[in-house]
Structure formats: C-alpha cells, structure tokens
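Notes follow the structure.
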C-alpha cells in the first residue's frame, strides 16, 4: 500500500480527516466573514488570519492546547469548545476522544500528531500548490522538505534505493518523527474568496519541480461515514439540590388561593 | 379545527409570528419555503399588512412548532428590551442566532410576567450606574460594583449564592436552550425584569458565577452601550472581578507568583476560578504580565481551561420560576401544562425556561 493510501486511510478511519475538514470549514468561514478588502485587508491579512483561525480550530476539534481536556473528560467544559465560534460550527463539530490527536510542534511551528504521523501548516498563493518554493520557506519547512521518503518521487532511482539511507526503524525518535512529518497546505483567493486545502508529503524542490511527493485535495474527498459511539457522555450527573441556597422568596397571591376574589391581579 | 384556525386568523398578530420564527432560528425565506409561500407574503404577515388564511395559520403553526393560538393578539404587547442585549462574541454570532437568543429571553420575561399574576416575586432592586464606553481609564466599573455591593447590602468577604442574590433583588435568571450555547451567557433589561440567560453548557460553578457577575455588570453599567465591543466586555469583566473579589480585601492575599497551592485556597475562599484570580492579580498589579502569561500557559496546557483541579460545587441554579410553579401546583392545583398554556408558550421552551437546571442530552445534542 502506498504511503498516501496508508496515511489517508488511517486519518479517515480514526475520524481525524473529518476533524481537519471541520477545522478548515470553520476557520475559513470566519476568514471570509472578517475579510474586508475595502477596509485595507490584503493577501497578507488572509495568510495570517487563516493561519490563526486554523490553528485555533484544529486545537479545538482535537481538544489540544487551550482546549485540552483530560482523557475521558471530553464532556467537561464543552462551553469552552463553543466559545467564540458560530453556532452551526459548534453543532457540527466532530467529537473525538481527547488524546486521539496530540499537539507536537516542530521548532515552534504548530504541529499535530496521530498514530506517529505529524502534520504542520503551510499557506501559499491560491492556485499555485504545486509551485510552492520550499527552499524559500522557513528553516522548519526546509528541514521537512529535505527528508527522504519511502516513495518514488519521479527521479531516476527510487529514494528507497539510495545506498546508505538508514531505514526508518533504525532512526532516533526525533529523526523518525521528522521523516513522518507531512504538511496541511491552505490558500484563499482574495478576489473570488475560493479556497483550497491539500495534505501530503512535500519534497525539496530546489529543481523548481513539483512541491509535493504526493498530495491529496481534501476538499475533493467525500465525507467519511458517520462515527458511532463518539458522543461524549456526561461525566458529572446532576446531583440533588442539597447544599443549594434557599429558594428566592416567592409567595402565592392570596387571591390565587381561592376565597371568591379575583383569581389573580389584573383579572376582573 | 378549521373554524378555530379561522378565529385565530381573524385575531392574528404579526409580532407573534416574528417571535415564533426567531425562536425557531429561521429567516423569512426559510419559513416561506416550509409553508410554500413567498418571503414577501411572510413579511406581510409579520408586518400586519396581510392576514394569513386559516390554512396558512395551520401551516405556520406546524412549521414553527407552536400551537396555533400562539399567534393570537394579546392584551399586552410582547416585552421590549430597555437595553441592548449584550452578546459577547458579536463577530462570530450571526444575526439569526442573536435574534433567537433575544426572542428566547423575551419569552422568558413574558412567562415570568404571566406567572406573576399568581405569585408575588421579590421587588426589583437593581441600581443603575451608567459608564462611558469612550474612556478606558478611571475606576467607573469598580465603583459600579461597589455600589451594587452597598445597595444589596453584601457584607465584606466572598459573595454568597449569586443567582439567588440576583433573584431576591428582582432579577430573572434562566438557562438558555442548547441552540444558543455559542452565544454564551447574555443579558438585557426590560421594563418588567432585568434578565440574565445562562449558558447551558457551562458545567463549572466558578465560571458560571463569574458569568452572572459579568452580566450584572452590563445590566448596571451599560444602559445604552454598543454591545460586544472590547471596552464594554472589559468593563463587565472588571465589574465582575471587583464584585466577587473587592480590591481592598483581596490585594494583599494574592500571590505575586503562580503559587498554585495558595491560589487553590483563595479559589475555595472567594468562590472564583483560578483564572479569575490570576486576572485579578494581574489587573491589581500584584502579578507581572510575564508571570500572568506563563501561568495562563500552564492553565491551558494542563487542560484547566476546561476543568480546573479541585472540588467542584454544584452549579448555582435559578429558583424563581421553578419555585413559583411548584407553589402554584401545591396551593392551587394548577399544573405546568395549564400554566404553559396560559403563557401561550411552547411546552418544551416553557420547561427549559422554568427549569432549575439545564438538562443537556449529550447524545442527541439538544436540551430536553
């Protein structure tokens, strides 16, 4: 099985792909809503804010960072997950068990890991996904792009056939993690406000070639099957009212108790 | 039934239709599609320029899940907010969500007004201390909180049951339905009642108390302030902090470092969250910005934003409307169904509004 099929199958099976799709949908709805080109917003505004919102939504849906919950306590403090986002986004948020995805940054660049596979974020110019120039990006992206990978990248020889390349299993942890680091790339057209979302393995394209070893257009993927049993159950049952303060002072009106008078104030 | 619908059509009140539509969270065109009419027709029914046919009244009732009688003109008009409703996240909250939340609050006020025909509620006693939202300096929010403490005769030290305190001074406190969870807690004033709507998802005693204090701040200070702005929200936070943790009482107790053991003790004493104590320590200058920021990183990384460590008391729960219903049933044998009918409120919403606690069905993702 190809790396692409293996990784995407794992992400889909664990519900993570649905989480990424939700995060992107919610983040870019917010970008579109807030984007105000007449008020001075430029492409750089889109890039920065899309990054900020996507980071927030990925942490939110995977219950990481500011939205972290203890394992088994997904039902606790759900108002924090709802805080500040649109109602329909909260109502459609996929509920994964806390700890399915864990924050795993690389050199300060936000990253998330599931089952040994990490991804980082990258923005690019809309419509130019295959032309991203990794040698011009941050040191972190350059490091990731330089990683050898397990698939043929179209070169004369398959990468796995390079003599002296140590197998993945023999690597120290941090190098193995680096080899298993992928990229979630996002872009929005400032004129049409269309957007793109790709996921895959990037390659060191100092040759001005394709920026990717493999990539998947996540907006083209059909929605996954509905997950069952993922809904959190309440962990704190509502307890009896013992210990609560006395009720507010409410009295039934004398007239309402009967006695032939009007039934209540205002009644004839 | 046809005749009854005919009667209702004759006394049809467009304002009640607007209310039912907003409660259902529908735009006019969505409702028009449901009843197979044009959006223009729906707009005309709501403005009163056109009266719906009896069959249309039936279709509207089914589409909006209310009894046809809900649309009948009433003796008193529906409550109107005397202040602008204060929603915190205006940018992310759609107009339709705000309309829904506001209508729900109006329905709660209407229900309280109807129930008050049978019972005597505590008299309204809420001070007004309008604060300028043009200036960020000064101590106006803190002074407003001190005024409330004085007027409500809150003794020195921690504030007791804040929901009950609000109710005993004539405030209405009600849980929202889950549909409005992203709106968070909100509030507005009406000629009948000041009302605070609680977030049904907030299962945290300490954070809920801070919400109530924050909303009291809006009610006391922001008579006509533009809601949702950073300054207005910050003022309500400052009000809440002073109300729950008066500066001259707590300043010397707060640690300058993130001493979690000490903060845990203060949390138990003052009935406020660790996050509120850190906020207070920073705004009072006891804690430096760097220390505060590092402490908040710890709070996030440990999952304490969702649930802080330590015992969790029961949520403060409203009593005014539930108590009234219990008393009316016990003393006059008028049950909940009859009261809901008298209020002309959909039963499910009536139950949510008059409940002591939010009953969230996590599996279905809705309140029952």
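What follows draws every value from the coordinates through simple rules; no lab data is involved. Here the structure is a predicted model, which is why all the values come from computation and not from measurement. Quick reminder, even Gly has a Cβ in these numbers, built from the backbone with ideal geometry, and neighbours come from all protein chains shown.
Assorted remarks:
- Computed as a quarter of the hull surface, the mean projected area of the alpha carbon convex hull for chain B stands at 20.2 nm².
- 10 Å binning of all Cα-Cα separations within region B:66-223, expressed as whole percents from 0 upward: 10, 37, 36, 14, 3, 0
- Cα centroid of region B:106-169 to Cα centroid of region B:44-90, whole Å: 30 Å
- Prolate/oblate/rounded label for region B:26-150 (Cα gyration tensor, a/c 1.5): oblate
- Nitroxide proxy distance, nm - points 7 Å out along Cα→Cβ at residue B:156 and residue A:6: 7.0 nm
- The mean number of Cβ atoms from other chains found within 10 Å of a Cβ in peptide B:116-129 is 3, as a whole number.
- Rg [Å, one decimal], Dmax [Å, integer] - region B:256-358, C-alpha atoms: 21.5, 61
- The slack in the chain from residue B:67 to residue B:149, taken as 0.36 nm per residue of separation less the alpha-carbon distance, amounts to 25.1 nm.
- For chain B, the longest principal axis of the Cα atoms and the long axis of helix B:230-244 meet at an angle of about 70 degrees.
- Per the Debye formula on identical point scatterers at the alpha carbon atoms of region B:99-163, with no solvent, log10 I(q)/I(0) at q = 0.12, 0.26 Å⁻¹ is -0.55, -1.05.
- If you wrap region B:200-246 in the convex hull of its Cα atoms and look at it from every side, the mean projected area works out to 3.5 nm².
- Each residue, residue A:146 and residue B:336, gets one label point 7 Å from its Cα in the Cβ direction; the gap between the two is 6.8 nm.
- Using the Cβ-Cβ distance between residue B:125 and residue A:48 with R0 set to 45 Å, the FRET efficiency from 1/(1 + (r/R0)^6) comes to roughly 0.40.
- Shielding value for B:346-358 is 1, the average number of Cβ atoms from other chains within 10 Å of each residue's Cβ.
- Inter-label distance, residue A:138 to residue B:269: 4.3 nm, where each label sits 7 Å from its Cα along the C-beta direction.
- Residues of region A:204-219 with amide N under 16 Å of a point placed 7 Å along Cα→Cβ from residue A:32: A:219
- Prolate/oblate/rounded label for region B:181-337 (Cα gyration tensor, a/c 1.5): prolate
- Entry note: region B:237-281 has Rg to Rh equal to 0.91, where both radii use alpha-carbon atoms and Rh is the Kirkwood radius.
- Taking the fewest neighbouring Cβ atoms within 10 Å as the starting point, the ordered list for B:205, B:45, A:53 is B:205, A:53, B:45.
- A straight line joining the Cα centroids of region B:1-37 and region B:263-294 runs 51 Å.
- Chain B: angle of helix B:260-270 to the longest principal axis, Cα-based, in degrees nearest 10: 50 degrees
- Estimated 222 nm signal from helices in chain B, with DSSP H stretches of n ≥ 4 weighted -39500 (n - 2.57), rounded to 500: -15000 deg cm²/dmol
- Based on alpha carbons, the Rg and Dmax found for the protein assembly as shown are 28.3, 103 Å.
- Shielding value for B:294-302 is 2, the average number of Cβ atoms from other chains within 10 Å of each residue's Cβ.
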